[in-house]
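K.L.:
Once you've had a glance at the structure underneath, I'll fire off some questions.
The values are calculated or read from the model by the stated rules, or taken from the named source; none is laboratory data. Keep in mind it's a predicted model, so treat the numbers as computed, not measured. Don't worry about glycine lacking a Cβ; one is built from the backbone with ideal geometry, like all the others, and counts go over all protein chains shown.
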Amino acid sequence: MDTRLNLFASPVVAKALGHYGAAAPVLIGESTLSTVTQNLVMIRASQINGDGYATDVHTKNAARAGESATRINLVAVWRESTVFTDAERAALELTEQGTRIADGGGVTDAAWGNAAEHYDEDQLAALVAFIALINATNRFAVINRQRGGNYQPTQSA
């Protein structure tokens, strides 16, 4: 299965992807949402969406940032594991419901309320933005058949 397009060869798409790429550093640099939680959100949404490229990128970046192999490997089965905090579980639940909007009718009040117990308003806003951003970028990769496995994190990742 080959990649369908060189998305960066299209000036319009390259510009759009540049804007997506510019949003992430703002969220990462200005949010008080922990890097650990940011990584968990990006990994889980990418897994759900079947985005091998983003799953590869975000798991390797999380490992480079110090995340344990055990926790990275258990993100997909977070409900059945003991390695995540209550706050991380709330973020993962919000991520799953926000990613699977069509499956369940949106984010439940219970999931939102649980997240609100662990995160302040700015952090909740950042969570919503991360969930929306990773879902949008996952769609670029999945539609285009971007495959995972070859990503190498850099010093800045």
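K.L.:
Considering each residue of the stretch 78-103, count those that are farther than 21 Å from H118 by Cα and either basic (K, R) or modelled with pLDDT of 95 or more (or both), and give that number. If you could, list the steps in order and put the result at the bottom.
P.N.:
Quick first cut of the stretch 78-103, residues farther than 21 Å from H118 by Cα only: 100-103.
Next, only the ones that are either basic (K, R) or modelled with pLDDT of 95 or more (or both) stay: 100.
Result for the stretch 78-103: 1.
K.L.:
Could I ask something else about it? May I ask you to list pairs of residues, at least six apart or on different chains, whose Cβ atoms are under 9 Å apart, with the first in the stretch 101-115 being under 12 Å from A90 (Cα atoms) and the second being of a type outside the set (S, T, N, Q) and not in a helix (DSSP H, G or I)?
P.N.:
Between residues of the stretch 101-115 that are under 12 Å from A90 (Cα atoms) and residues that are of a type outside the set (S, T, N, Q) and not in a helix (DSSP H, G or I), the close pairs are A115/V107.
K.L.:
Return the residue satisfying two criteria in turn: it lies in the stretch 110-150 and is of a type in the set (S, T, N, Q) and part of a helix (DSSP H, G or I), and of such residues it is farthest from V36 (Cα to Cα).
P.N.:
Narrowing the stretch 110-150 to residues of a type in the set (S, T, N, Q): 114, 123, 135, 137-138, 144, 146, 150.
Retained after the next criterion (residues that are part of a helix (DSSP H, G or I)): 114, 123, 135, 137-138, 144.
On the way: N114: 18, Q123: 13, N135: 18, T137: 20, N138: 19, N144: 28 Å.
Ranking the candidates gives N144 first.
K.L.:
Hey, any hits in the stretch 109-126 for a residue that's modelled with pLDDT under 95 and crowded, with 20+ Cβ neighbours inside 10 Å?
P.N.:
Yes - at least one qualifying residue is present in the stretch 109-126.
K.L.:
Identify all residues within the stretch 90-108 that are surrounded by fewer than 17 Cβ atoms within 10 Å (Cβ to Cβ) and not hydroxyl-bearing (S, T, Y); write none if there are none.
P.N.:
Matches in the stretch 90-108: R100, I101, A102, D103, G104, G105, G106.
K.L.:
To continue, here is another question. Out of (1) among the aliphatic types (A, V, I, L, M); (2) more than 26 Å from P153 (Cα to Cα); (3) not in a loop (DSSP other than H, G, I, E, B), the odd one out for V107 is which?
P.N.:
(3)
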